[in-house]
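So the structure is just underneath, and the comments pick up after that.
The values are calculated or read from the model by the stated rules, or taken from the named source; none is laboratory data. Since the model is a prediction, treat every value here as computed from it, not as a measurement. Ideal geometry is used to build each Cβ from the backbone, glycine not excepted, and the neighbour counts take in all protein chains shown. To get the accessible areas, we keep the full protein, side chains included, count just its heavy atoms, and leave off ligands, DNA and RNA. Shrake-Rupley method; radii C 1.70, N 1.55, O 1.52, S 1.80 Å.
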Amino acid sequence: MTAVSTPSRRAGSSGIRRGEATAGWIFTLPVLIILGVFLLIPVLMALWVSFSDWTGRGSPFSGDVSFVGGENYAAITTGGGLAERDFGIALRNNAWYVVLVVPLQTALSLFLAVLVNGAVLRGRGFFRTAFYFPSVTSTVAITVLWLFLFSTSGAINQVLSWIGINGPNWFNEPSGVVHNLLGAFGVRTGPDALTQSEFLGVSWWDWLAGPSVAMSAFVLMAVFTTSGTFMLLFIAALQNLSGDVDEAAMVDGANGWQRFWRVTLPQLKPTLFTVLTLGLIGCWQVFDQIYTGTQGGPGKTTLTPAYLSYNSAFISQEWGQGAAIAFVLFVIIVAFTILQRFILRDRPVSRRRARQYEVRPAARKGTTR
């Protein structure tokens, strides 16, 4: 009887699983249809536009639209004209934006999370709300506020004047921060190796100019508005950590910094990867602040690939180049995400470090006695 009932039970369980799978697909079908219609199909259409000469009039699949291959991609990468230079400037600006914003917002959000999660701070609920409030405020509203704060007679320059610093005209200053620092030491021009060679129409000396003063204000705004969101992610991760390991490290004589660096931070690696990935994607897609604030000025020093894609397609009517910029930006984001995952991967313990945790025979023999 046992041998006969076992196959029937398996058949019944497999039938139930097939029924559950069918029900699952039925329930998820509306969402899949919505995603396909409003996400997958537009992405495929944009991909076709990036390989065509569509002018924005009529259907991109009409007979008047021709396949041009990689001409749109070549125009922004190797064309040697204004399109290539604008794309190079946009990448330069956005690269400095990413280099500054992602580490700063990650470090600040982790610091705020540790501070708010600690038992020493009183009124933790108030501080959580206060730190998170800028994240739920409209980007347009924050940008307008920033334009007032960083204007020539704004509050920031007023505060700087109290300590004897003549503040710049933030959103009208195109000079790079690194070039300004070098200029303070008398370095006005770079070596020929940097000024004579270029990449994407921009000399390497200009690549190393740093973010402009205007872009630096946007960097501060991004750190101010996004740190609260990532703080909540770190707080959730910290509250899920077991205190046993931290207490064991404390018993072993580890101080507060050693416990954080050796015990707490390694356990936050999954959350750290999530925060870095979201920050990386958000920084490469920055658009709202540029559109509302400077529209790429002054001197294209706040121009970003996302805004350049919009400007090329909707303003200049170069729809193929606009779509090509968007897909190059997509490839850049995916590449950086894969690289980030590779860097933060779990590595096996080295033999040298493993020997530190091995119990030596002499010590084992002594403990037996």
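Among the chymotrypsin sites (Phe, Trp or Tyr not before Pro) within the range 214-305, those in coil by DSSP and having at most 16 neighbouring Cβ atoms inside 10 Å are Phe287. Working from label points 7 Å from Cα in the Cα-to-Cβ sense, the Phe314 to Ala74 distance is 3.0 nm. For the range 169-218, give the percent of accessible area contributed by carbon and sulfur heavy atoms, probe 1.4 Å, rounded to a whole number. Answer for the range 169-218: carbon and sulfur cover 61 percent of the accessible area.
Summarised as an ellipsoid, the range 58-215 has semi-axes of 38, 27, 17 Å, derived from the eigenvalues of the Cα gyration tensor scaled by 5 and square-rooted, with the largest first. Build a GNM of the chain with springs between Cα atoms under 10 Å apart, and of Gln289, Gln321, Gln158 the one that fluctuates most is Gln158.
For Arg57 and Ile281, the difference between the fully extended length at 0.36 nm per residue and the C-alpha to C-alpha distance is 77.5 nm. When percent of Cα pairs over 28 Å apart is computed from the coordinates, the matching label among (i) 45; (ii) 52; (iii) 63 is (iii). In the chain, helices alone account for a calculated mean residue ellipticity at 222 nm of -20500 deg cm²/dmol, with every DSSP H run of four or more residues adding -39,500 (n - 2.57).
Solvent-accessible surface of the chain, taken per residue with a 1.4 Å probe and all protein chains present: 61 Å².
In the range 228-314, carbon and sulfur make up what percent of the accessible area (probe 1.4 Å)?
In the range 228-314, the share of accessible area belonging to carbon and sulfur is 58 percent.
Can you tell me the length gained on complete extension of the stretch Val187 to Val140, counting 0.36 nm per residue apart and subtracting the Cα distance?
13.1 nm
According to the square roots a ≥ b ≥ c of the eigenvalues of the Cα gyration tensor, what is the shape class of the range 179-229, taking rounded for a/c under 1.5, prolate for a/b larger than b/c otherwise, and oblate for the remainder? Verdict is oblate for the range 179-229.
Taking every alpha-carbon pair under 8 Å whose residues sit at least 6 apart, the chain reaches a relative contact order of 24 percent. Note on the range 119-163: with neighbouring protein chains present and a 1.4 Å probe, carbon and sulfur make up 71 percent of its accessible heavy-atom surface. Computed over the alpha carbons of the range 57-99, Rg followed by Dmax gives 14.7, 45 Å. Between Gln158 and Gln295, the simple label model (points 7 Å from Cα in the Cβ direction) yields a spacing of 2.9 nm. A simple spin-label model places pseudo-atoms 7 Å from Cα toward Cβ; at Ala335 and Leu35 they are separated by 2.7 nm. Highest mean first, the peptides 181-191, 206-216 sorted by other C-beta atoms within 10 Å per residue fall in the order 206-216, 181-191.
Of all the options Arg124, Arg17, Arg262, the one that moves most in a Gaussian network model of the chain with Cα springs shorter than 10 angstrom is Arg17. Length gained on full extension, Arg352 to Trp204, computed as 0.36 nm times the residue gap minus the Cα-Cα distance: 49.1 nm.
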